[in-house]
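Below: one structure, written as structure tokens.
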Amino acid sequence: MNNYALEQNHIKLISVNKRTTIFFNTFSLQIYPLEDKVLINFLKEFKQWGYIKTKEKYSEESFNEIYDFILNKIENAPKTVKYNLQNTDVNNFASVILPIAANCNLKCSYCFAQTDNNFRFKNYDKQDVEKIINFVMNSFENKEQPVNFVFFGGEPFLNIEVIKHSIQYVKCNFSNRKIGYSVTTNATIINNEIINIIKENNIAVLLSVDGPDDEYNVRLFKNGKKSINKVLENIVILKKNNIFPEIRATFTSNNPHLIKTVDFFEQMQLKFNIAFAYVSENKLHNLANYNDKNLIHIENELNELLIYYEKKICNKEVIFNKWIENINKFRFRVKQHLVCSAGLSFYTITADGTIFSCAHFMNDKKFAIGNILEGVIDKTDFIPIDIDNITDCSNCWVKYLCSGGCVSQKISAGLSNKSANSKNECKLEKLRWKFLLKLYYKILIINPKYFENES
């Protein structure tokens with residue numbers, strides 16, 4: 001940051017209370033809690049008017065004194081840790097989603113894996129999985145490269161025989177390689193056989209669970225009955241068997257109960273991540289429609305959620321919400337230039353050998369980037385773009401935090417990987433990061449040793 005010059009788009013001011021305003025430097029990701037009204041007003045004017053017009057409002061001595069003070073603080077603070085960009089020309093099949101089940105026992109209305117209520121890919125059989133495992137394992141020059149296979153669907157446990165065969169095939173043919181497994185499941189099909197397979201093969205388990213039993217929980221069996229009670233029963237069974245899954249929840253745009261949902265998961269005492277429902281190729285629902293009204297409500301809920309977590313921090317309680325891990329981006333000042341590794345080190349391969357950069361694309365071959373016979377052919381339009389090359393995001397204060405937004409989400413909204421997300425999606429993302437910045441500040445004030453016990 002030598003010869004650093006403050007720019008208007010480097011300034012984000014967030015009021016925490018009547019006394020304190022956070023100055024977030026969007027270029028360096030540094031955070032400065034301010035109480036000096038002169039400094040706060042100067043930054044407000046600088047953000048609005050820029051260098052020249054702001055300078056006209058002060059005496060030369062006063063302007064230089066304040067401006068130099070700010071620059072000195074920024075230049076002498078811990079420097080930004082640059083995110084190591086992946087080489088986007090290289091195809092590293094380090095993590096591969098295997099959508100082995102083209103069917104499901106639930107009918108979740110927002111499911112991205114179905115288009116027009118149908119799966120447009122087929123079930124894996126044993127021959128399919130052998131071919132795909134061979135392709136992946138033989139793609140590496142470095143045989144020490146760890147590989148993770150993700151069993152996916154639909155509901156993958158409906159095709160348990162292929163899961164068993166996959167693991168056995170790897171043991172027989174690639175026993176000297178570093179292989180890991182994970183599974184994404186709706187947690188409705190748990191039995192002794194599945195428990196043993198998970199434990200014996202150290203399979204990481206991700207559960208799709210959306211929240212408490214209320215009218216906004218749309219994870220229904222095909223007969224219309226809710227799945228949540230069965231899921232909760234099975235979570236108890238998993239815990240009793242020393243299997244501690246993570247939870248991934250979808251929070252729909254019509255759900256007014258964010259705090260209630262968060263508390264539901266905190267009480268489970270399992271790591272969880274809440275994702276706001278997003279646009280996908282499934283166009284048969286309106287559960288990802290954000291507007292001024294529900295965005296205002298979400299902002300109010302996030303402000304209340306801040307109070308909820310303040311109490312937990314004061315009481316030194318464990319926080320299970322994985323949102324808090326995102327604090328590390330500005331805690332360690334990590335500039336994340338790519339939103340994810342789709343099509344770089346993370347792929348999806350359907351039963352017929354078609355390769356996609358992301359599972360969200362697997363229902364339509366127009367999004368394919370290759371196949372196991374020819375390898376990756378052309379992935380240009382379906383991989384993340386360096387945020388510095390997305391012109392729409394150039395002046396956005398969260399650009400190095402959100403990294404331009406989900407590629408599949410943008411494409412499903414009729415945009416491209418080279419554009420910013422939709423206007424309301426961007427507003428939603430800013431609300432979330434504003435909440436996290438405030439939460440980080442609260443942690444530093446209430447319990448500055450909070451992060452010392454990280455594993």
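Can you tell me how the stretch 1-79 classifies by the Cα gyration tensor, rounded, prolate or oblate, using a/c under 1.5 as the rounded cut?
Working: a/c = 1.55, a/b = 1.09, b/c = 1.42.
The shape class here is oblate.
Under a point spin-label approximation (7 Å from Cα along Cα-to-Cβ), what is the K260-N286 distance to one decimal in nm?
Modelled inter-label distance: 2.2 nm.
What ranking of C406, C108, C426 emerges when the number of other C-beta atoms within 10 Å of each C-beta is taken as an exposure proxy, fewest first?
On the way: C406 25, C108 21, C426 18.
So the ranking, lowest neighbour count to highest, is C426, C108, C406.
Pull out a ≥ b ≥ c, the square roots of the eigenvalues of the alpha-carbon gyration tensor of the stretch 207-274, then state rounded if a/c is under 1.5, prolate if not and a/b is larger than b/c, and oblate in the remaining case. Don't skip to the end; give the middle numbers.
On the way: a/c = 2.21, a/b = 1.25, b/c = 1.76.
Oblate shape, in that a/c is at least 1.5 and b/c is the bigger or equal ratio.
Tally Lys/Arg at +1 and Asp/Glu at -1 over every other residue whose Cβ is under 11 Å from the Cβ of E281; what's the total? Before the final figure, lay out each step's value.
On the way: positive: R120, K283, K366; negative: D116, D364.
Its environment carries a net charge of +1.
Rounding to the nearest 10 and keeping the result within 0 to 90°, find how far the Cα-based axis of helix 292-314 lies from the longest principal axis of the chain.
Orientation of helix 292-314: about 90 degrees from the principal axis.
So, with +1 on the Cβ of K and R and -1 on the Cβ of D and E, and no other charges, what is the size of the charge dipole of the stretch 233-272 about its Cα centre, to the nearest 20 debye?
Dipole magnitude for the stretch 233-272 comes out near 80 debye.
Place a +1 charge on the Cβ of each Lys and Arg in the chain and a -1 charge on the Cβ of each Asp and Glu, then give the dipole magnitude about the Cα centre in debye, rounded to the nearest 20.
560
Against the longest alpha carbon principal axis of the chain, how many degrees, from 0 to 90 and to the nearest 10, is the axis of helix 228-240 turned?
Here the helix axis deviates by roughly 90 degrees.
Report, in whole Å, the centroid distance computed from the Cα atoms of the stretch 208-225 and the stretch 363-429.
30
Going by alpha carbons, how many degrees (0 to 90, nearest 10) lie between the helix axis of 423-446 and the longest principal axis of the chain?
Approximately 70 degrees, to the nearest ten.
Hey, what do the phi angles of the stretch 161-169 turn into as Karplus ³J(HN,Hα) couplings, whole Hz, using 6.51/-1.76/1.60 and θ = phi - 60°, x for Gly and Pro?
For the stretch 161-169, the Karplus curve yields 5, 6, 4, 4, 5, 4, 5, 5, 5 Hz.
Under 14 Å Cα-Cα from K73, which aspartates and glutamates qualify once same-chain neighbours fewer than 8 residues away are excluded?
Reachable aspartates and glutamates: E65.
Under 16 Å Cα to Cα from K423, which lysines show up? Leave out anything in the same chain fewer than 8 places away.
In chain and number order, the partners are K293, K399, K410.
Give me the percent of DSSP beta bridges within the stretch 89-455 that run antiparallel, rounded to the nearest 5.
25
Could you give the distance between the Cα centres of the stretch 253-270 and the stretch 1-73, to the whole Å?
The distance from the Cα centre of the stretch 253-270 to that of the stretch 1-73 comes to 37 Å.
So, R0 is 51 Å and r is the distance between the beta-carbons of N229 and E65; what FRET efficiency does that work out to, to 0.05?
Working: r = 65 Å, r/R0 = 1.27.
Here the calculated transfer efficiency is 0.20.
Checking the cross-link filter: which aspartates and glutamates have an alpha carbon closer than 16 Å to that of K199, excluding same-chain neighbours under 8 positions apart?
Partners found: E246.
7 Å from Cα along Cα→Cβ at both I52 and K37: what's the point-to-point distance in nm?
3.1
Which ³J(HN,Hα) values, rounded to whole Hz and listed in residue order, are derived for the stretch 208-223 from phi using the Karplus coefficients 6.51, -1.76 and 1.60 in 6.51 cos²θ - 1.76 cosθ + 1.60 with θ = phi - 60°, glycine and proline given as x?
8, 9, 9, x, x, 7, 9, 5, 9, 8, 9, 8, 10, 5, 5, 7
As I understand it, the dipole of the chain uses +1 on the Cβ of Lys and Arg and -1 on the Cβ of Asp and Glu, about the Cα centre. Which of N389, P99, F276 lies farthest toward its positive end?
After comparing all options, I get F276.
Please arrange K126, K143 by counting, for each residue, the other beta carbons lying within 10 Å of its beta carbon, fewest first.
K143, K126
Among K126/K271; K271/K430; K18/K329; K79/K449; K240/K283; K53/K418, which pairs are too far apart, with a Cα-Cα distance over 28 Å?
Listed pairs above 28 Å: K126/K271; K240/K283; K53/K418.
Is the stretch 357-440 rounded, prolate or oblate when judged by the Cα gyration tensor, a ≥ b ≥ c being the square roots of its eigenvalues, rounded requiring a/c under 1.5 and prolate requiring a/b larger than b/c?
Prolate, because a/c is 1.5 or more and a/b exceeds b/c.
Residues with amide H under 5 Å of N148's amide H, sequence separation 5 or more or different chain, H placed in the peptide plane at 1.01 Å from N; which?
S95, V96, G180
Return F157, F451, F119 ranked ascending by Cβ neighbour count within 10 Å, so the fewest neighbours appear first.
F451, F119, F157
Give me the number: length gained by fully extending S109 to K18, i.e. 0.36 nm times residue separation minus the C-alpha to C-alpha distance, one decimal in nm.
The span from S109 to K18 would gain 28.4 nm if fully extended.
Can you run phi through the Karplus equation (6.51, -1.76, 1.60; θ = phi - 60°) for the stretch 119-129 and list ³J(HN,Hα) in whole Hz, with x for Gly and Pro?
8, 9, 10, 10, 4, 5, 10, 5, 5, 4, 5
In the chain, if the dipole is taken from +1 on Lys/Arg beta carbons and -1 on Asp/Glu beta carbons about the Cα centre, which of I14, C406, Y181 is farthest to the positive end?
Checking the options against the dipole of the chain, the answer is I14.
Can you give the local net charge around I355? Use residues other than it whose beta-carbon is closer than 13 angstrom to its beta-carbon, Lys and Arg +1, Asp and Glu -1.
Around I355, the charge tally is 0.
Relative contact order of the chain, please, whole-number percent, based on alpha carbon pairs below 8 angstrom and at least 6 residues apart.
Relative CO of the chain lands at 17 percent.
Computed from the coordinates by the stated procedures, all read-outs in this text should not be read as laboratory data. Just so it is clear, the structure is predicted and the values come from calculations on it, not from any experiment. Every residue, glycine among them, receives a Cβ derived from its backbone with ideal geometry; neighbour counts consider all protein chains shown.
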